[in-house]
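Written below as structure tokens is the structure these notes are about.
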Amino acid sequence: MSLQVSDSYAHLIGKARWSHAHGRSVFHILQSDIDSARLFSYGYRSQAIGAFHATRIAIEAETKAATGPYVKTCLDQARILLDQLESKAGETVPRDFRALISTLYYYDRWVNQVAQVLKKVSARGTIRELEKIRQRFLRNIQPVTSGNGIYVARHLALPEQGAFIVPNLGISIVPIIYGDHHSWNAAFLEADQFGVSVHRHKKGAEIHLGFSPVKGHTILGSGFAGVSEGYAMPIPPMTDHGFLNTSGHDHVVPFIFGSLLMTGWGIFFDVEPRPDDGLQREEHSLQSPAMNQSVFLERAIRQMASGTTTTREILIPAERAGSNEIGGLELAVTRVPAGEIDLASDHYRIVSVQSGRGRVRIGNAETEVCEHDHFGVPAALNCNFTQLGRDPLVFLDAMMLPIGE
């Protein structure tokens, strides 16, 4: 095995392989194994159109340089495996033994096969870039396999060979955490880049987030608002939106995408670019009805940090970023000045730590997190988040919820 793995990961894969070798027997699989398998599976899921897609695209770019049937066959095999790994993210992560003997088992099997194929081909030395592609692939996958199941991502440390280009928009997006039906992502804008061209989603909702330093125009429908501080803008389906970067420097636009009709990575294909219609958009205040009552995000975070009690405040209710058909994105901010909070829910929750330090425990797995860290809490799994140190723990969380029921 070329991937670095933790003892807990090796234990699970050992059980899964034993099951497959003995007629897929499941009587040795405990509930704790299922919980851990779900966690690791969501870690892999977050690589769907990051590590898996980006690696496949990188291999395809080198295929033209392939010489001889052996090298071409190996590269085709790697591309097929990576395509299977991408597609698996569209499947539901089960809540029973299948999470281990099906979902996690095949993630592990195919990932290792990709690594082995690339190692064999790169050893031949006929295509110089292949070893770099392999090493980048391993660096993106090993935080999953070498951990304890809680996959932690940082939006300030975006991975190399872990992004994709949005079709017809030309912007680079890095997935951070992918849940069942929603995802937390980062769009990277270079200093000389216009921004995010106006587009809309047919069956998806978004929340655009801004963090300082930021300067530009956030666009919604027929209006826009000038922004020079952190904000959160809810975007229902079939609503034109975009962002004009006037800062003169590189800028990252975090955003949350969700739809109960699609998986979290529906953003990849549910994008409809909007033609330049010459519309003279009217400027509005950020919190106005015309801007769907967007919020000053950093103000809300600072205000929350100054309190003395454990409190969760909904900043954007699900009804404002969604519809009865697709559900809605809820964004909330929580303060834990001391002690712990229970994050268990019937829906997948994505957490973004804004200040302080904390210890998160999901099932039997435990890890420490700090500012800029992101992690996901699968539905129906026990989760406790404990404040550490002297500073209060403040975090955002996002869920995709049904509405109109």
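The values are calculated or read from the model by the stated rules, or taken from the named source; none is laboratory data. Everything quoted here is computed from the prediction, not taken from an experiment. We place every Cβ from the backbone using ideal geometry, glycine too, and count neighbours over all the protein chains shown. Just so you know, the surface numbers come from the protein's heavy atoms only, side chains and all, with ligands and any DNA or RNA stripped out. Shrake-Rupley method; radii C 1.70, N 1.55, O 1.52, S 1.80 Å.
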Problem set entry | Of every Cα-Cα pair in the range 159-249, the percent that sits beyond 19 Å | 41 percent
Seminar exercise, completed: Quick calc of log₁₀ I(q)/I(0), the range 204-258, Debye, one scatterer on every Cα, no solvent, q values 0.14, 0.19 1/Å, result -0.33, -0.61
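Let me have the relative contact order for the chain, percent, based on Cα pairs under 8 Å that are six or more residues apart.
15 percent
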Problem set entry | Pairs of lysine residues in the chain - Cα separation under 22 Å, sequence separation of 8 or more or cross-chain | 11
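Based on the Kirkwood radius over alpha-carbon pairs, what value in µm²/s does the Stokes-Einstein equation return for the translational diffusion coefficient of the chain at 25 °C and 0.890 mPa s?
111 µm²/s
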For this session: Would you kindly find the accessible area of Asp76, with a 1.4 Å probe and non-protein molecules such as ligands, DNA and RNA excluded, rounding to the nearest 10 Å²?
Result: 70 Å²
Problem set entry | Apportionment of accessible area to carbon and sulfur, the range 103-203, percent (1.4 Å) | 48 percent
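State the percentage of accessible surface on the range 1-62 attributable to carbon and sulfur atoms; use a 1.4 Å probe and exclude ligands, DNA and RNA.
54 percent
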Exercise. What percent do you get for the relative contact order of the range 320-405 when only Cα pairs under 8 Å and 6+ apart count?
Worked result: 44 percent
For this session: Measure off, as a whole percent, the carbon and sulfur share of the 1.4 Å-probe accessible area of the range 211-355, all protein chains present.
Result: 49 percent
Exercise. Please state the relative contact order of the range 1-156 as a whole percent: Cα pairs under 8 Å, 6+ residues apart?
Worked result: 42 percent
Exercise. Per residue, what accessible area does the range 34-181 have, given a 1.4 Å probe and all protein chains present, in Å²?
Worked result: 40 Å²
Exercise. Per the helix-only calculation at 222 nm, which mean residue ellipticity applies to the chain, given -39500 (n - 2.57) for every DSSP H run of n ≥ 4 and division by its residues, nearest 500 deg cm²/dmol?
Worked result: -8500 deg cm²/dmol
Exercise. Helix 105-124: angle to the longest alpha-carbon principal axis of the chain, degrees 0 to 90, nearest 10?
Worked result: 70 degrees
Exercise. Under a point-charge model restricted to the Cβ atoms of Lys and Arg (+1) and Asp and Glu (-1), what is the dipole moment magnitude of the chain relative to its Cα centre, in debye to the nearest 20?
Worked result: 1400 debye
Exercise. Residues with amide H under 5 Å of Thr311's amide H, sequence separation 5 or more or different chain, H placed in the peptide plane at 1.01 Å from N; which?
Worked result: Arg335
Exercise. Taking the Cα-to-Cβ direction at Glu340 and at Lys64 and moving 7 Å from each Cα, how far apart do the two end points lie in nm?
Worked result: 5.6 nm
Exercise. Translational D (Stokes-Einstein, µm²/s) of the range 46-183 at 4 °C and 1.567 mPa s when Rh comes from the Kirkwood sum over C-alpha pairs?
Worked result: 82 µm²/s
Problem set entry | Selection of chymotrypsin sites (Phe, Trp or Tyr not before Pro), the range 252-361, meeting DSSP coil and at most 14 other Cβ within 10 Å | Phe269
For this session: Give me the angle, in degrees from 0 to 90, between the Cα long axis of helix 129-145 and the longest principal axis of the Cα atoms of the chain, rounded to the nearest 10.
Result: 80 degrees
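What accessible area per residue comes out for the range 305-363, rounded to a whole number of Å², with a 1.4 Å probe? Write down the numbers at each step before the final one.
Numbers: 2330 Å² over 59 residues.
Using a 1.4 Å probe on heavy atoms only, each residue of the range 305-363 averages 40 Å².
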Problem set entry | Rounded tilt (10° steps) of 53-63 against the dominant C-alpha axis of the chain | 60 degrees
